[in-house]
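Working notes for the structure below.
The values are calculated or read from the model by the stated rules, or taken from the named source; none is laboratory data. Predicted model, so just to flag it, every value in this text is computed and none were measured. When we count neighbours, we look across all protein chains shown, and the Cβ atoms used for this are built from the backbone with ideal geometry, even at glycine. For accessibility, only protein heavy atoms count, side chains too; no ligands or nucleic acids. Shrake-Rupley method; radii C 1.70, N 1.55, O 1.52, S 1.80 Å.
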Amino acid sequence: NGAICIQPCSPSFHGETSFICEDRKWQMFTDACASLDIQSLFQPDHGKPGDGAKYLGPDDHGNSNCQADFSCIIPDILSSPAIPGNIADIVELLKKISLLLPENVNRGKMQSYSRIANHILNSSIISNWAFVKDRNASSILLDSVNLFAGKLLLRNGSESIQEHFISTKGYSIHKNTSEKSFHFSMEFNNTGNITGHMVISEEELLKLPKTSKAISIAFPTLGVIMETNRLDPVFVNGMVLSVSLPEELRHILLTFEKLNKLENVKAQCVGWHSAERRWDSRACQMKSDNISSVVCICRHHRRTFKSFSILMSPTVLPSAALDYITRVGLGLSIFSLVLCLVIEAVVWHHVTKTEITYMRHFCLVNIATSLLVADVLFIIAAIVHNRALNYPLCVAATFFLHFFYLTLFFWMFTLGLLILYGLLLIFFKITRSVFMAVALSIGYGCPLVISILTVAITEPKNGYLRSGACWLNWYETKALLAFVVPALSIIVVNVAVVIVVVVKTGRSSVGEGCKSQDLNNMIRISKNVALLTPLLGLTWGFGLATIVDSRSLAFHVTFALLNAFQGFFILLFGTLLDRKTREALRMNCLSSKRKCSLAK
């Protein structure tokens with residue numbers, strides 16, 4: 001494909017000359033350069049000529065001992081362009097070095113390692129990471145650096161190795177040490193520096209049985225690189241701070257300076273889950289948040305959580321308008337649904353005299369009940385959304401929220417089937433008991449099965465909840481599809497039902513005589529569904545839009561506006577605009593002043 005030779009590759013490894021090549025899309029080392037003999041750098045003997053071990057002695061660049069700090073490979077690496085193929089190979093090189101090196105990382109080796117890592121962490125080449133084929137490359141780099149730095153030997157009780165885009169500091173600590181802190185001020189780009197601060201409290205240090213070491217590594221650009229390397233839109237709003245601590249120390253205090261210091265940008269404290277390769281809010285909780293910085297209390301774990309940062313999530317747009325719409329809308333929705341159920345209870349005996357009207361009002365009551373419970377659970381889920389403190393409660397709230405929102409749509413589906421039954425199966429009579437059994441199976445049975453399967457499949461992988469909210473996960477496991485697919489499918493079916501009603505009633509001629517009472521009831525029900533379905537469809541249509549364009553405030557406001565007022569729409573279109581219900585209310589007004597006041 002017209003490969004272009006960019007730069008000759010040094011024959012330092014196997015005595016073969018090869019080239020770094022570019023095929024206009026992906027760049028990669030040829031086999032002779034890619035298959036580096038990393039182990040030869042750490043062998044105690046000089047090996048045989050021609051196998052790479054000869055470079056443990058004096059090399060072409062004048063280094064006296066490559067084994068001491070493997071500096072012989074640095075000039076070739078730093079002179080190579082940080083193109084995607086080279087980035088991938090350097091990440092693999094750093095991984096091999098960190099895995100094969102024994103427990104004796106001196107200052108020279110740490111400096112050399114940091115210089116290599118610094119080359120691919122440069123802020124000027126962040127965009128190149130988007131074209132690295134392995135999406136986990138940045139995560140592998142983070143794990144490799146953490147592993148290597150954890151082996152650092154401390155001279156005179158402390159060590160500090162500073163590069164532009166990676167900084168490593170280490171201190172000897174023991175239980176008699178006063179509070180120990182690590183402060184980093186590093187360049188992020190040409191516009192200025194970014195700071196980070198880590199503190200180990202005196203209370204934590206008292207847990208140490210013997211003298212130990214604490215290592216901290218700061219990455220000002222790695223958070224942005226990890227965004228580039230991942231498909232889910234999670235925005236890191238500060239530097240990444242990694243720590244290597246003794247097992248006895250579990251809690252640390254971290255302060256992050258925000259990259260984006262806008263007033264409406266709130267932060268979320270997170271830890272990097274090294275096994276699952278994702279940011280996890282369970283690792284940290286926020287202590288304070290202001291316009292310029294965030295203070296987090298994080299739980300360190302040597303196998304799981306060693307790296308921490310702050311996120312700015314696009315799926316939760318901080319907006320006073322959204323908060324106001326949600327609170328007012330939910331309040332009005334809950335009031336409307338309670339009023340709807342009270343009205344149904346008052347007029348029940350007057351409006352359920354026929355089988356078809358009984359079934360229709362039975363569906364409406366269950367729709368209102370499902371949405372009422374879902375709205376209340378929505379408020380509870382918002383209260384317990386801090387998963388670090390209430391994870392089991394958050395799972396329970398999400399499960400029931402998912403279940404009752406599904407029951408809302410499945411009862412709408414049942415109502416649609418009822419309309420088709422009344423229009424198309426005129427001579428087929430269904431008893432009330434059969435209808436109740438079928439309706440309850442569809443309205444509550446199907447949602448229960450879907451909800452249980454969703455939590456059973458995704459929760460063992462920690463993929464049931466989304467980060468920072470008590471609701472179904474989207475980016476890792478797509479658990480949200482267990483709600484979106486049934487809901488939108490039912491909306492499509494109900495739209496088809498309305499079309500059938502329009503076609504069926506449109507073909508009726510004037511000369512056919514009087515319509516039966518059931519047909520009139522069906523027409524009235526279809527009007528309600530015709531009003532309800534576009535509203536529900538439009539609501540969740542904008543819900544999909546917030547997934548596609550999660551940064552659009554307009555989509556979020558519209559979705560919140562329509563979704564929060566659903567209860568009011570059900571009261572208006574399902575109850576108050578129904579002629580039979582209004583007549584029944586009027587009759588109750590004449591018979592009882594108390595009932596009249598309630599109806600008004």
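The table for this structure:
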item	result
Residue-count net charge about L337 - beta-carbon cut-off 11 Å; Lys, Arg +1, Asp, Glu -1	-2
FRET efficiency, V342 to K461 (Cβ-Cβ, R0 41 Å, nearest 0.05)	0.40
By accessible area with a 1.4 Å probe, ligands and nucleic acids excluded, highest first: order of H300, H251	H251, H300
Gain in span if fully extended, E202 to V376, counting 0.36 nm per residue against the direct Cα distance	58.3 nm
Solvent-accessible area per residue for segment 238-280 (1.4 angstrom probe, square angstrom)	37
Accessible area (Å², 1.4 Å probe, nearest 10) - M587	110
Local net charge near N176, Cβ-Cβ under 14 Å (Lys/Arg +1, Asp/Glu -1)	0
Accessible surface of V373 - all protein chains present, 1.4 Å probe, nearest 10 Å²	50
Neighbourhood net charge (13 Å Cβ-Cβ; Lys/Arg +1, Asp/Glu -1) for T221	-3
Residue-span extension gain [E103 to E583] - 0.36 nm each, minus C-alpha spacing	164.2 nm
Per DSSP, loop trypsin sites (Lys or Arg not before Pro) in segment 438-483 with at most 16 further Cβ within 10 Å	K478
Rounded to the nearest 10 Å², the accessible area of S172 at probe 1.4 Å	50
Among the listed pairs K109/K133; K210/K306; K96/K478, those beyond 27 Å (Cα-Cα)	K109/K133; K96/K478
Under 5 Å, built H, 5+ apart or other chain: amide partners of G238	L259, I310
Residues in segment 67-99 that a label on R135 would reach, taking backbone N under 19 Å of a point 7 Å out along Cα→Cβ	84-85, 88
Distance in nm between pseudo-label sites at V484 and R432 (7 Å out along the Cβ direction from Cα)	4.2
T211 versus S441: modelled label distance in nm, points set 7 Å from Cα along the beta carbon direction	7.6
Electrostatic dipole magnitude of segment 154-317 [Cβ: Lys, Arg +1; Asp, Glu -1; Cα centre; debye, to 20]	460
